[in-house]
Amino acid sequence: TGVKIITGLYILKLLQNKPAYGNKMAEEIKKRTQNLIMPNPNALYPLLRKMEEDGYITGQWDNPGTHSKRVYTITETGSSLVPVLQERVKERLVERERRIAILREDLQLY
């Protein structure tokens, strides 16, 4: 879905800066999007697992004995996916902006 692609892009872009754990990434996404995207742990952690299975990120337990936080790092494959996802997200946003412009014009909402 669109939100999953955008969230995935945010995850990869955050991890390009430094490794992070899931809750930290969720907080950062909420902050950066001014609460437009508020990743739910029930959706975020399966997405992180899928991204790890697909080789876009790797995860390591910060304390292997307790499994308290899994810290993720972007892979080369993940880095190469960033421009692809950016283009997909851009296309989706342009299309939504086009639709909004039609409604604004038709409803005279300037």
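Residues in the range 68-110 that are open to solvent by 60 Å² or more (accessible area, probe 1.4 Å) and either touching a Cys at 6+ places or on another chain (Cβ under 9 Å) or small (Gly, Ala, Ser) (or both): SER68, SER80. For the range 52-62, which positions are open to solvent by 60 Å² or more (accessible area, probe 1.4 Å), touching a strand residue (DSSP E or B) at 6+ places or on another chain (Cβ under 6 Å) and of a type in the set (D, E, K, R)? ASP62 - this is the single residue of the range 52-62 that is open to solvent by 60 Å² or more (accessible area, probe 1.4 Å), touching a strand residue (DSSP E or B) at 6+ places or on another chain (Cβ under 6 Å) and of a type in the set (D, E, K, R). Is it the case, given these coordinates, that GLY65 is free of Cβ contacts under 8 Å to residues at least 12 places away in the same chain and loosely packed, with under 13 Cβ neighbours inside 10 Å? Yes.
Here LYS4 meets each of (1) touching a residue at least 60 places away in the same chain (Cβ under 8 Å); (2) open to solvent by 30 Å² or more (accessible area, probe 1.4 Å) with one exception, condition (1). Does the range 60-69 contain any residue that is under 19 Å from the mean Cα position of the chain (by Cα) and either farther than 18 Å from LYS18 by Cα or of a type in the set (Gly, Ala, Ser) (or both)? Looking for residues that are under 19 Å from the mean Cα position of the chain (by Cα) and either farther than 18 Å from LYS18 by Cα or of a type in the set (Gly, Ala, Ser) (or both), one finds none in the range 60-69, hence no.
The values are calculated or read from the model by the stated rules, or taken from the named source; none is laboratory data. If you're wondering where the values come from, they're calculated on a predicted model, not measured in any experiment. As a convention, Cβ positions derive from the backbone with ideal geometry for all residues, glycine included, and neighbour counts pool all protein chains shown. Surface accessibility is based on the protein's heavy atoms, side chains included, excluding ligands, DNA and RNA. Shrake-Rupley method; radii C 1.70, N 1.55, O 1.52, S 1.80 Å.
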